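Scroll down for the structure; my scribbles are underneath it.
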Amino acid sequence: MSSLAYALRARPRASWIPAAWRQPLAIVGIVIAAAWIVIAIFAPLIAPDDPLAQTFTPAAGPSWHHLFGTDELGRDVFSRVISGSRVSLPIAVTLVALAATIGSIVGAVAGYFRGVVDGILMRSTDLVFAFPPIILAMVVAAVLGRGLFNAALAIVVVAWPSYARVVRGLVLSVGDSEYVQSARLLGASSRRTLVRDVLPNVAGPVFVLATLDLANAILLLSGLSFLGLGAQPPKAEWGSMVAEGTQYFQWWWIGTFPGLAIFTVVLAFNFLGDSLRDVFDPRTARRDAEVEP
Amino acid sequence: MRRWKWLALVAAAGVLASAAAAFGATAHSTAGSTLVVDNSFTIKTSDPQRAFDPTGSLIDRALYDTLFTYKGGDLSNPIPLLVSSWKASNGAKTFTFQLKKNVHFADGTPLTSKDVVFSFERLVNIKGNPAFLLAGVTVKATGPYTVVMTSTTPDTELPAILANPSTGIVNSKLVMAHGGTDAANASTADKAENWLNTPASAGAGSGPYVLKSYSTTSQIVLAPNTKYWGPKKPAFSTVVVRNMIATTQLINVQRGTHEIAIDLSADQAQTLKGNKKLNVSLQPSTWVFWLFANNDPKVSTVTSNEQWQQAVRYGLDYKSILSVAGPGAIQAPGLIPSMFLGSLPQKDDAVQNVAKAKAALAASGLGGQQVTLQYPSDLTINGVPFTTMAEKVQANLQAIGFNIQLSGSPTSNWLTTYRNGQMAFGLSLWGPDYPDPADYLTFAPGQLVGLRAGWAKGADPAIEKLAAKALVTTNAAQRKAIYQQYQHDLNESGPYFPLMQPTQVFVSTSDLKGAVYNAEYDVDVTQISPK
């Protein structure tokens with residue numbers, strides 16, 4: 001061990017920050033994600049113009065008045081990108097929460113009761129897994145009809161099975177552990193054991209999965225809107241804005257900035273999810289410990 | 001040392017290969033070159049008697065000769081192609097055509113009146129989209145090269161109709177041998193379509209080119225008809241018609257040689273200004289965008305309200321709608337496009353009147369009622385996306401006090417609702433089936449488009465009487481006056497709101513001769529040659 005390393009280690013650590021979060025990528029992820037959440041909350045205050053007002057010179061390039069330019073109908077692209085965060089973020093959070101809840105319940109029930117219940121529930125998740133997510137979401141959205149609500153439903157339909165699988169696996173292993181066996185022997189009901197003893201031990205990995213899924217949900221929602229199955233015009237939604245931009249390649253700013261918005265948000269949540277996984281993963285934690293001589 | 005020897009050998013081989021390639025390229029260009037047409041495809045079939053969409057017309061023009069055609073882009077004057085002489089009699093109800101005697105199909109079979117009768121009867125009896133072109137017309141051969149056509153009503157536009165590629169003449173013997181028929185039950189009995197869509201059908205037409213490969217999604221390749229009967233032999237050794245979106249066309253045409261792009265928007269064309277390698281032409285298109293409000297109270301009590309319709313008419317900001325289409329577009333004063341007989345002059349353009357619109361909306365008492373504007377969300381015509389137009393219309397009407405929701409759907413779904421007459425408020429467009437104002441009588445009450453807008457027969461006797469008169473009038477000056485009056489009446493009391501004619505952009509590389517836009521065929525590839 002070099003003297004430098006000793007010097008570094010001699011500095012007292014802020015122990016309340018988990019080690020994995022001290023990675024630069026994690027910090028980038030947190031900062032960008034937090035920035036977007038703040039933007040979404042205060043969107044009407046940040047956006048300089050009404051995102052629907054067709055009042056400016058159409059198709060003007062980026063300038064001081066319009067940071068991201070104006071689109072083909074004379075709407076301020078900056079304001080539209082800002083207010084687009086109010087569509088994608090809350091919907092993504094809601095549907096991931098919904099998918100995680102549904103998936104966890106299905107997975108927990110399957111893992112805890114095992115046998116026939118497990119067989120039926122897990123084969124139904126396999127059924128959903130059999131299709132590529134975007135294709136299945138397109139089918140569901142097309143059948144239900146176009147619109148943001150239906151697109152969100154479609155994403156829930158494709159998102160829940162991964163939670164079911166993860167939770168089932170964890171419940172299976174936790175269920176065999178001694179403390180759960182003891183609780184049962186002491187006469188605790190199935191529901192009580194599941195809720196009090198099993199689920200808290202599965203929460204970490206589900207949380208990690210949900211953070212990573214947030215990025216997927218935003219991407220999928222934008223994808224559906226891009227294909228015209230999600231948000232309907234004139235709503236400022238990133239995916240549909242990119243779709244409009246493809247009609248006007250010569251005015252690059254119409255599609256590029258909403259595209260960048262999707263890119264940054266998705267990247268941020270992926271970084272965040274990765275770091276969270278490192279925090280919750282015992283193997284990473286051990287690796288951290290092994291560094292100490 | 002051995003390695004060096006190998007390297008030298010490889011290098012020598014490379015030099016030889018590139019020399020051969022260069023020689024091959026020059027040899028190729030003297031033997032005949034390739035014409036590339038970039039088009040965003042709308043084609044269901046190349047069977048002329050079934051096809052009725054722009055890409056289909058472009059292809060069929062090259063494969064099947066018609067009785068008449070056009071020179072360059074001039075649609076006002078059909079010129080004989082297969083016909084050597086013709087005359088109209090009996091008040092434009094009887095037409096006698098003498099066919100040229102030197103015409104033969106690509107397989108060498110002479111083209112006679114038998115083939116003309118077969119093709120026209122097949123067109124009518126298949127009952128496909130283009131069947132209406134010859135509805136009410138009987139055709140018979142009175143000699144091997146004489147065809148007589150009789151119409152129940154005066155049919156002044158017949159020569160123009162016979163320039164439509166759907167009236168292309170097919171080789172009756174060959175088509176019958178492959179399942180084709182012109183019998184009354186042809187709509188079910190005719191099985192020749194699939195065969196006609198393969199290169200095996202090369203002998204079916206008499207045009208300068210034959211089909212070499214066919215796909216409705218990627219590209220269609222044409223090869224020259226080596227036995228072409230006309231004085232001018234096919235100018236290209238290959239014609240490739242490729243399916244691609246306008247943005248890709250924009251990139252490709254700047255790199256290409258012997259290349260044409262027909263779907264660019266006016267705004268995209270602006271970016272090509274000053275490029276010496278390209279010829280760019282901008283002109284008003286024959287498409288007309290219009291809104292309609294369903295007149296049937298059973299479909300909507302709101303849109304059928306006369307005051308509500310007036311409020312829409314005065315509430316639209318026509319200038320701002322025009323701005324969506326970019327340079328070269330013009331406002332449509334009526335439904336008949338500017339280049340046709342009987343079109344209204346620009347001074348008759350509708351003008352926004354906010355006060356009148358608000359008053360009419362208040363009088364209707366329906367301002368708060370939500371109305372859904374339906375439009376085909378995946379359709380872009382002349383670089384104008386329907387979605388953008390719909391958003392513009394919505395913003396216009398919201399400003400007056402309307403409550404408009406937008407609902408886009410794929411074109412096929414949209415068409416179903418529209419054709420059923422179940423659409424309350426729609427953004428639509430009409431392109432001419434043949435270049436004659438008679439095609440626009442379909443907007444009258446009880447006619448095809450009239451019914452789609454919930455405008456039943458007997459709803460407006462004055463307009464219906466005028467439409468009936470337009471159909472039988474043959475004098476050009478009188479026709480012009482009648483069609484103008486017809487449009488004025490429609491603008492006053494019809495359920496239509498004409499918006500604009502977008503810009504038809506046509507871009508070709510300057511190494512081509514005779515490459516001009518033609519509203520009937522998009523581009524007549526048979527008239528193009530390398531410079």
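The values are calculated or read from the model by the stated rules, or taken from the named source; none is laboratory data. These numbers come from a predicted model, not from an experiment. All Cβ positions, glycine included, derive from the backbone under ideal geometry; neighbour counts span all protein chains shown.
Tabulated results
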| item | result |
| --- | --- |
| Odd one out for B:T372 among (1) within 14 Å of chain A (Cβ to nearest Cβ); (2) touching a His at 6+ places or on another chain (Cβ under 8 Å) | (2) |
| So B:L448, is it within 22 Å of B:D349 (Cα to Cα) and aliphatic (A, V, I, L, M) | no |
| Failed item in (1) in contact (Cβ under 8 Å) with a residue 24 or more places away in the chain; (2) part of a helix (DSSP H, G or I), with A:Q232 passing the rest | (2) |
| Strands (runs of 3 or more DSSP E) wholly inside the range B:69-139 that include at least 1 residues being in the same structural domain as B:L211 (by TED's automatic domain parsing), over 26 Å from the mean Cα position of the chain (by Cα) and hydrophobic (A, V, I, L, M, F, W, C) | B:83-89, B:94-99 |
| Conditions (1) within 30 Å of B:S409 (Cβ to Cβ); (2) touching a residue at least 24 places away in the same chain (Cβ under 8 Å); (3) not acidic (D, E): number failed by A:G107 | (1) |
| Criterion (buried (at least 23 other Cβ atoms within 10 Å of the Cβ), away from every other protein chain (no Cβ under 14 Å) and more than 30 Å from B:L471 (Cβ to Cβ)) met by exactly one of B:L366, B:L361 | B:L361 |
| Candidates A:V81, A:V156, A:V143, filtered to the one that is modelled with pLDDT of 95 or more and of a type in the set (V, I, T) | A:V81 |
| Unique match (being within 19 Å of B:N197 (Cβ to Cβ), surrounded by fewer than 23 Cβ atoms within 10 Å (Cβ to Cβ) and of a type in the set (S, T, N, Q)) among B:T152, B:T181, B:T156 | B:T181 |
| Residues that are part of a loop (DSSP other than H, G, I, E, B) and within 14 Å of B:Y64 (Cβ to Cβ), drawn from the range B:157-193 | B:L162, B:A163, B:N164, B:G168, B:I169, B:V170, B:N171, B:G180, B:A192 |
| Among the residues listed as B:A395, B:A438, B:A444, the single one being within 12 Å of chain A (Cβ to nearest Cβ), surrounded by 16 or more Cβ atoms within 10 Å (Cβ to Cβ) and more than 22 Å from B:T301 (Cβ to Cβ) | B:A395 |
| Unique match (being within 26 Å of B:K44 (Cβ to Cβ), modelled with pLDDT under 95 and not assigned by TED's automatic domain parsing to the domain that holds B:L322) among B:I251, B:I245, B:I260 | B:I245 |
| Meets criteria (touching a Lys or Arg at 6+ places or on another chain (Cβ under 9 Å), outside any helix (DSSP H, G or I) and crowded, with 20+ Cβ neighbours inside 10 Å) for B:P333 | yes |
| Set A:V202, A:V156: member being farther than 30 Å from A:L52 by Cα, more than 14 Å from chain B (Cβ to nearest Cβ) and out of contact with any Cys (no Cβ under 6 Å at 6 or more places or on another chain) | A:V202 |
| Condition check for A:R168: more than 14 Å from chain B (Cβ to nearest Cβ), closer than 30 Å to A:A215 by Cβ, among the basic types (K, R) and crowded, with 21+ Cβ neighbours inside 10 Å | yes |
| Top-ranked residue of the range B:459-469 - restricted to ones that are more than 12 Å from B:Q447 (Cβ to Cβ) and touching a residue at least 12 places away in the same chain (Cβ under 8 Å), ranked as surrounded by the most Cβ atoms within 10 Å (Cβ to Cβ) | B:L466 |
| Members of the range A:235-250 that are among the hydrophobic types (A, V, I, L, M, F, W, C) and more than 8 Å from every other protein chain (Cβ to nearest Cβ) | A:A236, A:W238, A:M241, A:V242, A:A243 |
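Quick grid of which residues meet (1) within 11 Å of chain A (Cβ to nearest Cβ); (2) at pLDDT 95 or above; (3) crowded, with 19+ Cβ neighbours inside 10 Å:
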residue	(1), (2), (3)
B:I321	yes, no, yes
B:A325	yes, no, yes
B:F386	yes, no, yes
B:I400	no, no, yes
B:T417	no, no, no
B:N420	no, no, no
B:M423	no, yes, yes
